[in-house]
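A.B. asks: This structure is in structure tokens; I'll ask about it shortly.
The values are calculated or read from the model by the stated rules, or taken from the named source; none is laboratory data. As the structure is a computational prediction, the values presented were derived from the model and not from experiment. Counting neighbours? That spans all protein chains shown, and the Cβs are built from the backbone with ideal geometry, glycine included. Side chains are part of the model used for accessible areas, which takes the heavy atoms of the whole protein and leaves out ligands, DNA and RNA. Shrake-Rupley method; radii C 1.70, N 1.55, O 1.52, S 1.80 Å.
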Amino acid sequence: MARMAASKARQDFSETLNQVAYKGKRIVLHRRGKDVAALVPVEDLALIEKIEDRIDLEEAEKILADMESGRSSPIPWTRSKRIGLEP
């Protein structure tokens, strides 16, 4: 995976974008030597989101199974609000 200074990506934005969009290149942007963001092709982003959705689904299924088996119980609404779980 390539690394590039954020300022360089800004200067050569069109070329950088073309490298990512049309050649599938992944670029990590850094400032003062610290990685701050990544440019990835849309297909990579779609894959990341699909993986995240699968992880969320597996976790939800585990929680439901635990609730059905009596190993855990739902969190009351007042407690979820207090600990910051409200939508």
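A.B. asks: At 222 nm, what helix-only mean residue ellipticity would the chain give, in deg cm²/dmol to the nearest 500, using -39500 (n - 2.57) for each DSSP H run of four or more? Please list the in-between numbers first.
C.D. replies: On the way: 4 runs with 51 residues, N = 87.
It comes out at -18500 deg cm²/dmol, rounded to the nearest 500.
A.B. asks: Shifting gears a bit: Given a 1.4 Å probe, how much area per residue of the chain is accessible, in Å²? Numbers along the way, then the final one.
C.D. replies: Details: 7420 Å² over 87 residues.
Per-residue value: 85 Å².
A.B. asks: Further, regarding this structure: Enumerate the lysines that K34 could reach by cross-link, defined here as Cα to Cα under 27 Å, with residues fewer than 8 away along the same chain left out.
C.D. replies: Reachable lysines: K8, K23, K25.
A.B. asks: Cα to Cα, under 27 Å, and not fewer than 8 places away if on the same chain: which lysines meet these conditions relative to K62?
C.D. replies: K50, K81
A.B. asks: Using the alpha-carbon atoms, what tilt in degrees (0 to 90, nearest 10) does helix 13-23 show relative to the longest principal axis of the chain?
C.D. replies: 70
A.B. asks: Can you give me the angle between helix 42-69 and the longest principal axis of the chain, using Cα atoms only, in degrees from 0 to 90, rounded to the nearest 10?
C.D. replies: For helix 42-69, the angle is close to 10 degrees.
A.B. asks: Let me ask something else. Which label belongs to the value computed from this structure, given these candidates for log10 I(q)/I(0) by the Debye sum over Cα atoms at q = 0.12, 0.17 Å⁻¹: [x] -0.39, -0.71; [y] -0.30, -0.63; [z] -0.63, -0.79?
C.D. replies: Derived directly from the coordinates: [z].
A.B. asks: Still on this structure: Which length gain, in nm to one decimal place, applies between K50 and M4 when the Cα-Cα distance is subtracted from 0.36 nm times their residue separation? Mind showing how you got there, number by number?
C.D. replies: Details: separation 46, 0.36 × 46 = 16.56 nm, distance 2.71 nm.
Working it through step by step, the gained length comes to 13.8 nm.
A.B. asks: Within the chain, list the chymotrypsin sites (Phe, Trp or Tyr not before Pro) lying in a DSSP loop whose Cβ has at most 11 other Cβ atoms in a 10 Å radius. Kindly include the intermediate steps, with their values, before the conclusion.
C.D. replies: Working: sites: F13, Y22, W77; in loops: none.
When the chymotrypsin sites (Phe, Trp or Tyr not before Pro) of the chain are filtered for loop state and at most 11 Cβ neighbours within 10 Å, nothing remains.
A.B. asks: Follow-up question, since we're still on this one. What's the carbon and sulfur percent of the chain's accessible surface, probe 1.4 angstrom, rounded to a whole number?
C.D. replies: Working: 4120 of 7420 Å².
Roughly 55 percent, rounded to a whole number.
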